[in-house]
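Asker: Submitted below is the structure of interest, expressed as structure tokens.
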Amino acid sequence: MTSRDLDSFKRAAALKAVEFVRDGMVVGLGTGSTAKHMLVALGERVRTGMNLRGVATSQETAILARESGIPLIDSENRWEIDVAIDGADQVDPDLNLIKGGGGALLKEKIVAAAAKQFIVTVDHTKQVPVLGGSVPLPIEVIPFGWRNTAREIEVLTKSRPVLRERDGVPFKTEAGHLIVDVHIARIDRPGELETALNLIPGVVETGLFVGRTNVLIVGTPQGVHTLHVPRQ
């Protein structure tokens, strides 16, 4: 399986997700490689006359959206998001996710929570029987006292948090926070872990998206598979 194959599966999933977008909708625009395909497809619809507005989950996405001709709503406004479309780093059988590999997890979760429908698009390699293992869990923390926060995370997870760096310097999120990545062998109860992590002072948000996915669209060698799950 080549990277080109996987990208074609992502594109197929993204094109399927765009079918859920109707004229006049406000769309949450995710971040990452799969989201890029979605932005191109939405841009084509805008050019053919579709009326829609977007809420971007990152500066990268905002730039791509504008290049594609998608009008954006100011981030300070209150949104009524009809559908949000985003990717994931992992998805388990209950459609719980690990996200945040690109560092946009905070905005992504805010947008997902605000959307009436949250659609997740992935290639089939992102599906796993249990979260964790080869994919670390990103946790966004404030810089002040971050080592103390990391110590509390380590006590809770029994796994050592590693400060994310880029080009030898600490990676900063768009909100000015840090990210620690935690390799956990398996996350059997993601909802409980999400709640416990958010109780640690200094934790801003986690990359666990639990019970938020309404539709999972998976690009596979056999075609695109779609699973609908009503949000409770």
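Asker: So which residues in the range 1-43 are touching a His at 6+ places or on another chain (Cβ under 9 Å), of a type outside the set (A, V, I, L, M, F, W, C) and more than 19 Å from Ser68 (Cα to Cα), if there are any at all?
Answerer: Answer for the range 1-43, where residues must be touching a His at 6+ places or on another chain (Cβ under 9 Å), of a type outside the set (A, V, I, L, M, F, W, C) and more than 19 Å from Ser68 (Cα to Cα): just Asp7.
Asker: Shifting gears a bit: I'm checking my understanding of the structure. Among residues of the range 182-218 that are in contact with an Asp or Glu (Cβ under 6 Å, 6 or more places away or on another chain) and of a type outside the set (Ser, Thr, Tyr), which one is surrounded by the most Cβ atoms within 10 Å (Cβ to Cβ)?
Answerer: Leu208
Asker: Just the residues that are touching a residue at least 40 places away in the same chain (Cβ under 8 Å), more than 20 Å from Gln90 (Cβ to Cβ) and either surrounded by fewer than 24 Cβ atoms within 10 Å (Cβ to Cβ) or of a type in the set (Gly, Ala, Ser) (or both), please, taken from the range 29-52.
Answerer: None - no residue of the range 29-52 is touching a residue at least 40 places away in the same chain (Cβ under 8 Å), more than 20 Å from Gln90 (Cβ to Cβ) and either surrounded by fewer than 24 Cβ atoms within 10 Å (Cβ to Cβ) or of a type in the set (Gly, Ala, Ser) (or both), so the list stays empty.
Asker: Which of the residues spanning the range 1-57 are β-branched (Val, Ile, Thr), in a helix (DSSP H, G or I) and within 16 Å of the chain's Cα centre (by Cα)?
Answerer: Thr34
Asker: Only residues that are of a type in the set (Lys, Arg) and within 22 Å of Val180 (Cα to Cα): list them for the range 103-123, please. Let's see the steps before the verdict.
Answerer: Filtering the range 103-123 for residues of a type in the set (Lys, Arg) gives 107, 109, 116.
Result: Lys107, Lys109.
For every residue, the table says whether it meets (1) aromatic (Phe, Trp, Tyr); (2) in contact (Cβ under 8 Å) with a residue 12 or more places away in the chain; (3) more than 23 Å from Ala115 (Cα to Cα); (4) not assigned by TED's automatic domain parsing to the domain that holds Glu108.
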residue: Arg166; (1), (2), (3), (4): no, no, yes, yes
residue: Val169; (1), (2), (3), (4): no, no, yes, yes
residue: Glu174; (1), (2), (3), (4): no, yes, no, yes
residue: Val182; (1), (2), (3), (4): no, yes, yes, yes
residue: Arg189; (1), (2), (3), (4): no, no, yes, yes
residue: Thr195; (1), (2), (3), (4): no, no, no, yes
residue: Thr226; (1), (2), (3), (4): no, yes, no, yes
residue: Val229; (1), (2), (3), (4): no, yes, no, yes
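Asker: Give me the residue from the range 137-178 that is of a type in the set (A, V, I, L, M, F, W, C) and part of a helix (DSSP H, G or I) and, out of that set, surrounded by the fewest Cβ atoms within 10 Å (Cβ to Cβ).
Answerer: Here the residue is Val155.
The values are calculated or read from the model by the stated rules, or taken from the named source; none is laboratory data. This structure is a prediction, so every number in the text was calculated from the model and none was measured. Here Cβ is always computed from backbone atoms with ideal geometry, including for glycine, and neighbour counts include all displayed protein chains.
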